[in-house]
Structures are given as C-alpha cells and as structure tokens.
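Student: So that we are looking at the same thing, I have put the structure below in structure tokens.
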Amino acid sequence: MKKPILTSLQPMSNYRWTICSLVFFATTINYLDRQVISLLKPMLEKEFNWSESDYSNIVASFQLAYALGMLGVGSIIDKIGSKLGYAVSLILWSIASIMHAFATSTFGFGVVRAFLGVTEAGNFPAAIKTVAEWFPKKERAFATGIFNSGTNIGAVIAPLIVPWIALTYSWQMAFILTGAVGFLWLIFWFLLYTSPAKNKFVNAAELQHINSDEDSEVIEGAEVQADIPWSKLLTYKQTWAFAVGKFLSDGVWWFFLFWLPAFLISEYGLVGMEISFPVAVVYLMAGVGSVAGGWLPMWLMNTKGWSMVRARKTAMLIYAFIPILVMFSQAAGSYNMWYAVIVIGVAMSAHQAWSANILTTVSDMFPKKSIGAVIGIGGMFGGFGSITVAKSAGALLDYYKAQGNVQTGYYILFLFCGTAYLIAWFLMFRVLAPKMTPIQPGVK
C-alpha cells in the first residue's frame, strides 16, 4: 500500500530535532550524574580509605543495579510510554545522585550507587524508543548519534565543574548541585513533548516523513495486534546479536568513564584541577565521533544508494578497527601525555560511533512496541560485561600497584579495549544476525 501523496507544497517542519535535543540534554544530565564519583575518587579515597578493589566494588554495585534495572525498565517504558517513562526515570536518578552527599561509609556509597544505577537504566530505552517514534529508519542512527553525544558533553562538563565545586565548597555539594540539574529538564519535557500525531508543531509533511518507512504500515498494523513478550524476544537471534555486542563493548566505555582520571593521575602525576582539561578533551573528541558515526550510514544510504543493512554493517566494521590504537596509548604517552590523551580520545570517539549504530540496530530489526524491552535486555548484558571489566580492573590494578608497576595493569586492560569491538562485530554480523532480518510479531 503506497503512502498518500501530499497535495500541498507545504514545507516540512523539523520539530523532531527539537525532541532529539531534549533527549540529548537528558543524556547529558545522565552522564554528568554518573561521572561525578570518578572525578572525586582521589578525595574520597583519602576520606574513606578506599583500595582499588573498594572502588571497583562501588562501581560494580552501580553496574549490577543498572543491568538488573535494564531487565525490567525497558518493558515498563514500552507499556507506559516514552513521556512518562522518561520523566519518572529522571526524577528518581536525580534524587539518587543527590543522596550521595549523605553517604558516610563505603557501604553507603555502594547502596546509593546501586539506587543511581537502577534509576539511570531508564535513559537509553526511553531515548531509543523516542527516536524510533520520531524518525524514519534512515535518520535514526544520526539522531541517535546526536543524543548519544550527550554522554560526552556530560563527561566534558563534569571535569570542568565537579572538581571546582568540591574544592570550593565540598564533595557533598558536588553531588547535590549536579543532581538538582535534572529537575530543570523536566519543565521543558512536559511543556514540549507529545507524540508526533498529536503534536501541534508537527505539520502534515513532517508527519508523513516520520512515517515514511516502506514497512511502517506492516509493522504498525502488527503492533496493534501483538506485543512480543520478553520470553519470546529471547528466542530471536537478533536479540542475542544486540546483547552480545553490548556485553563486549559496553565495558570498554565504562572502564574509561570510571578509570580515565585515575589513569592520567597515576601515569602523569596530575593533581587538582590539572585533570579537568585532558578529560574534557577526550570526551569532546568522543562527542564528534558520536555524531559522525550516526551520520556515515545515513550518508551511505542517501548518496551511495546502499541498503540500510550494508551501510550499518560497513560503518560498524570501520568503527571496530579504530580502537586498536588504544593499545599504543601508553607508548605514545611516553613522549608526551597529550599523545596518549589524543589516542584514547580517538578510541573513545570510535566507541561512540559504534554505540550510535548498535543502539539503532534494535529499531532496524524490531517493531516499535518492543524496542524498549530489547534495549533493556541488551543493556542488562552490557551491564554484566561492564561488571566483569570493573572487577577485573580492580583486581589487576591492585595486584600491579602492589608490585610497583600499575602501568602493566592498565596495558592489559587496554589490550581488551582495543580488540573487543572486532570480536563483537564478528559475532553480531557473521554468526547471529548476518542479514539483520526485521522481526514481525508472530513470525520467527
């Protein structure tokens, strides 16, 4: 059945990019809140006498709660919708962030980090679901790349303001002020967000564009009839392709998120505010990768005429090769710290390009009504992969620090970070979902 042709020459509105901006800012806040603890690590280590393993246990408590939260939150957001699901999640994680200021022990930090993890799990299921509702498939990776760059902007803002707040006021105030930012976002979310069909700022041309996928009528009609249960989703190889990809790659990002400041401090002896600018540079580079990574497959489809599957797989293969460079970051840094910073920035840029596309594979292969659940399943596996990396990092760094050679521990971790994406790409697109066949309810 062909799409109706607009009889007027009404230009298309672009309100979908306003929605994308809202999701971008929510993701920025999400990562601002979660990164505070890594920047305060040297201060909190002294106050609470943490070892590397203590810190890794606190990180792992966040990741375990995040993983388990992903298991259920995606399905909840599928049921209650993007608007309410996003709002509830952000309110709760803002409260959790503020509660860090009242922790008085290592165990207390573990508890509040777990609360932050389970509540922050709602961000990506809600974000990907929102993008799927507002963008046709050919634009989704680009839109995902834009909102996903919020992870980098949050990580850029954090080192510029968190150490200053902590040194000027207190570490408690750093948690309180960053946690309170989320409540400002809620005002704009409730004022500006409604579904595309009901939004007064979306004209007929833009609504037709949003629903322009060739298979949208089939999928939309099927969604009304069937809601794929969580247990059924686990029978699809496409679900496992996404889960395996997240398991192998998420831990790399989380390792850098929680250990990059500590690596630069131990390797180059940075103190106080000296850590802020190098960390900010790394995440600015990663932000460019997120947007460019989403743009490339769209460009391949629009200008080269490639199919969505070919463009997505090719782009992700390119991004999988680039992180190999991180294995040489310490050698480069032996000449100048900034060489290491740039190499790590390039690798993290590739991760964000990868992330923009792996998240989009869900909306490529699954109907809109099941996107939140699949993102949740993959996020859970990504969380378990991150826990594995965090616990390994704590054990390795404690061991080699005791030997007086912590750099070896970091090198072993960089070896994994450099190769994880190629292994993930092979398993996803050579073993589990080589054709990225779309799932339709009732058809296995």
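The values are calculated or read from the model by the stated rules, or taken from the named source; none is laboratory data. Because the structure is a prediction, the values reported are computed rather than measured. Counting neighbours? That spans all protein chains shown, and the Cβs are built from the backbone with ideal geometry, glycine included. The area values use the complete protein model at the heavy-atom level, side chains included, leaving out ligands, DNA and RNA. Shrake-Rupley method; radii C 1.70, N 1.55, O 1.52, S 1.80 Å.
Student: List the residues of segment 347-377 whose backbone N lies under 19 Å from a point placed 7 Å from the Cα of MET12 along the Cα-to-Cβ direction.
Tutor: 364
Student: Expressed in whole Å with the largest first, what are the equivalent ellipsoid semi-axes of segment 342-398 derived from the C-alpha gyration tensor as the square root of 5 times each eigenvalue?
Tutor: Details: eigenvalues 151, 64, 5 Å².
With the √(5λ) rule applied to segment 342-398, the semi-axes are 27, 18, 5 Å.
Student: Moving to a separate point now. Spelling out what I want: for every residue of segment 197-212, take phi, set θ = phi - 60°, compute 6.51 cos²θ - 1.76 cosθ + 1.60 (Karplus), and round to whole Hz; glycine and proline get x.
Tutor: 3J(HN,Hα) across segment 197-212, in whole Hz: 5, 9, 7, 6, 8, 9, 8, 4, 5, 5, 4, 5, 4, 4, 9, 8.
Student: Now a separate question. Please give the length that would be gained between ARG430 and SER307 if that part of the chain were fully extended, namely 0.36 nm times their separation in residues minus their C-alpha to C-alpha distance (nm, one decimal).
Tutor: Details: separation 123, 0.36 × 123 = 44.28 nm, distance 1.74 nm.
Here the segment from ARG430 to SER307 would lengthen by 42.5 nm.
Student: Can you bin every Cα-Cα distance in the chain into 10 Å intervals starting at zero and give me the percent of pairs per bin, rounded to whole numbers?
Tutor: Once binned at 10 Å, the Cα pair distances of the chain give 5, 22, 33, 25, 11, 4, 1, 0.
Student: Using DSSP loop states and a limit of at most 14 other Cβ atoms within 10 Å to flag chymotrypsin sites (Phe, Trp or Tyr not before Pro), what is the longest stretch of the chain containing no flagged site? Mind showing how you got there, number by number?
Tutor: Values: sites that count: TYR169, PHE201, TYR335.
Between the exposed loop sites, the longest stretch runs 1-168.
Student: Once the Cα atoms of segment 244-340 are picked out, what are the Rg and Dmax in Å?
Tutor: 16.6, 51
Student: Roll a 1.4 angstrom probe over the protein heavy atoms and tell me the percent of accessible area of the chain that is carbon or sulfur.
Tutor: Here carbon and sulfur together make up 69 percent of the probe-accessible area.
Student: Right, next: Label points 7 Å out from Cα along the Cβ direction at GLN407 and GLN440: separation in nm?
Tutor: Placing both labels 7 Å beyond Cα along the Cβ direction yields 6.0 nm.
Student: Through the Karplus equation 6.51 cos²θ - 1.76 cosθ + 1.60, θ set to phi - 60°, convert the phi angles of segment 13-18 into ³J(HN,Hα) values in whole Hz; use x for Gly and Pro.
Tutor: Per residue, the Karplus-derived 3J(HN,Hα) values read 6, 10, 5, 4, 6, 5 Hz.
Student: Tabulate in residue order the Karplus-calculated ³J(HN,Hα) for segment 29-40, using 6.51 cos²θ - 1.76 cosθ + 1.60 with θ = phi - 60°, rounded to whole Hz; enter x for Gly and Pro.
Tutor: 5, 4, 7, 4, 5, 7, 8, 3, 5, 5, 6, 9
Student: For the Cα atoms of the chain, what angle does the longest principal axis make with the long axis of helix 216-225, in degrees from 0 to 90, nearest 10?
Tutor: 80 degrees
Student: Given a 1.4 Å probe, how much area per residue of the chain is accessible, in Å²?
Tutor: Numbers: 17310 Å² over 444 residues.
Solvent-accessible surface per residue comes out at 39 Å².
Student: Taking H placed 1.01 Å from N in the peptide plane, check which residues at least 5 places from GLN440 or on another chain put their amide H under 5 Å from its amide H.
Tutor: Amide H to amide H, under 5 Å and 5 or more residues apart or across chains, GLN440 pairs with nothing.
Student: Could you work out the pair-distance distribution P(r) of segment 289-347 from its alpha-carbon pairs, with 5 angstrom bin width and percents rounded to whole numbers?
Tutor: Spelled out bin by bin, segment 289-347 gives 4, 19, 21, 15, 12, 11, 9, 6, 2 percent.
Student: Taking every pair of distinct Cα atoms and averaging 1/r, then inverting, what Kirkwood hydrodynamic radius in Å comes out for segment 316-444? Write down the numbers at each step before the final one.
Tutor: Numbers: mean 1/r = 0.0600 Å⁻¹.
When all Cα pairs of segment 316-444 are included, the Kirkwood radius is 16.7 Å.
Student: Could I ask something else about it? With all distinct Cα pairs included, what does the Kirkwood hydrodynamic radius of segment 381-444 come out to in Å, to one decimal, could you say?
Tutor: Mean inverse Cα-Cα distance, inverted, gives 14.4 Å.
Student: Continuing with this model, one more query. If I model a spin label at TRP338 and LYS368 as a point 7 Å from the Cα along the Cα→Cβ vector, what separation in nanometres do I get?
Tutor: According to this spin-label approximation, the distance is 4.8 nm.
Student: Please report the projected area of segment 69-168's Cα convex hull averaged over all directions, in nm².
Tutor: On the way: hull surface 30.4 nm².
Computed as one quarter of the Cα hull surface, the answer is 7.6 nm².
Student: Quick one: if you stick a label point 7 Å off each Cα along the C-beta vector at GLN208 and SER53, how many nm between them?
Tutor: Roughly 6.6 nm, to one decimal.
Student: When the chain is fully extended, how far beyond the present Cα-Cα distance does SER266 get from ILE187, taking 0.36 nm per residue of separation?
Tutor: Gain on extension, SER266 to ILE187, equals 24.3 nm.
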